[in-house]
1. Taking the Cα centre of the chain as origin, work out the dipole magnitude from +1 charges on Lys and Arg Cβ and -1 charges on Asp and Glu Cβ, in debye rounded to 20.
2. Accessible area per residue, 1.4 Å probe, Å², for the chain: what's the number?
3. For the chain, what proportion of DSSP beta bridges, expressed in % and rounded to the nearest 5, is antiparallel?
4. Can you pull the percent of the chain's accessible area that's carbon plus sulfur, 1.4 Å probe, other chains left in place?
5. Pairs of alpha-carbon atoms within less than 8 angstrom and 6+ residues apart define the contacts here; what relative contact order does the chain have, in percent?
6. Provide the per-residue ³J(HN,Hα) series for region 114-130, in order, calculated from phi with Karplus coefficients 6.51, -1.76, 1.60 and θ = phi - 60°, each as a whole number of Hz, with x at glycine and proline positions.
7. Of the listed peptides 144-156, 100-112, 81-93, what is their order by residue-averaged count of other C-beta atoms within 10 Å, with the highest listed first?
8. When the scattering of region 1-112 is computed by the Debye formula from its Cα atoms alone, each counted once and equally, what is log10 I(q)/I(0) at q = 0.09, 0.10 Å⁻¹?
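The values are calculated or read from the model by the stated rules, or taken from the named source; none is laboratory data. As the structure is a computational prediction, the values presented were derived from the model and not from experiment. A quick note on method: Cβ atoms are made from the backbone with ideal geometry, for glycine too, and the neighbour counts reach across all protein chains shown. The protein model used for the area step is the full one, side chains on, heavy atoms only, and it has no ligands, DNA or RNA in it. Shrake-Rupley method; radii C 1.70, N 1.55, O 1.52, S 1.80 Å.
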Amino acid sequence: MKQQTKEERVHHVFEKIYKKYDTMNSIISFQRHKSWRNDVMDRMNVEPGSSALDVCCGTGDWSVALAEATESHGEVIGLDFSKNMLSVAKEKKAETDLDHLTYIHGNAMDLPFADNSFDYVTIGFGLRNVPDYMTVLKEMYRVVKPGGKVVCLETSQPTLPVYRQLYYFYFRFIMPLFGKVFAKSYEEYAWLHESAKDFPNKKKLKQMFLDAGFTKVDVKSYTGGVAAMHMGYK
């Protein structure tokens, strides 16, 4: 059997779990992911009338939040490489009046936009799933305008000893079980453990932002370090 590349495997995971993705996110993060994103949005201070790109937008929750913040005279694009995930995002959009929000099928490793196109570029729980983190950081840096912000909200590694062990136990054993019970997808949720386990910690990721060209990077940890925000300034 041919060994799947990371890209093929991730694509398979999200094409399969798209219908249960939002429910599972809430179960896995104990509803915390929404409060994390709300805090990140407060820190971003999105200006009405500005332009934003949400990379690896998935089912579109962050894209919708950005579109609400930019208001009707702004422009927001959500991009994802899973057509099934985008189908959920488009269904959600149909229930809103956010005409300035558009979804497109595309690859985070090769963003189909000109240099210096957006005021804000976001990626929420998507960076760990790409084949090459640095390529995507450089692409996001390229398409954000000078003076703009690139913001990543992602799983991270807790540093407190006992909490850290509990976190890894949860991610490795309990979460795939939740996946099996609630979404009938044990293997797919086991993948999420794998991708989170190998992801750079917040110090390393901050250095990667700087290496990609950002002049300054704000870092904020959430819930004992299970998630972190990195905000890079161009």
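1. Result for the chain is approximately 1020 debye, rounded to the nearest 20.
2. For the chain, the solvent-accessible area averages 48 Å² per residue.
3. Given both bridge residues lie in the chain, the antiparallel proportion sits at roughly 40 percent.
4. Reported share for carbon and sulfur atoms: 54 percent.
5. Once divided by the residue count of the chain, the mean separation gives 19 percent.
6. Karplus values, whole Hz, x for Gly and Pro: 6, 4, 6, 9, 10, 6, 9, 10, 10, 8, x, 6, x, 5, 5, 9, 8.
7. The peptides rank, most packed first, as 144-156, 81-93, 100-112.
8. -0.26, -0.31
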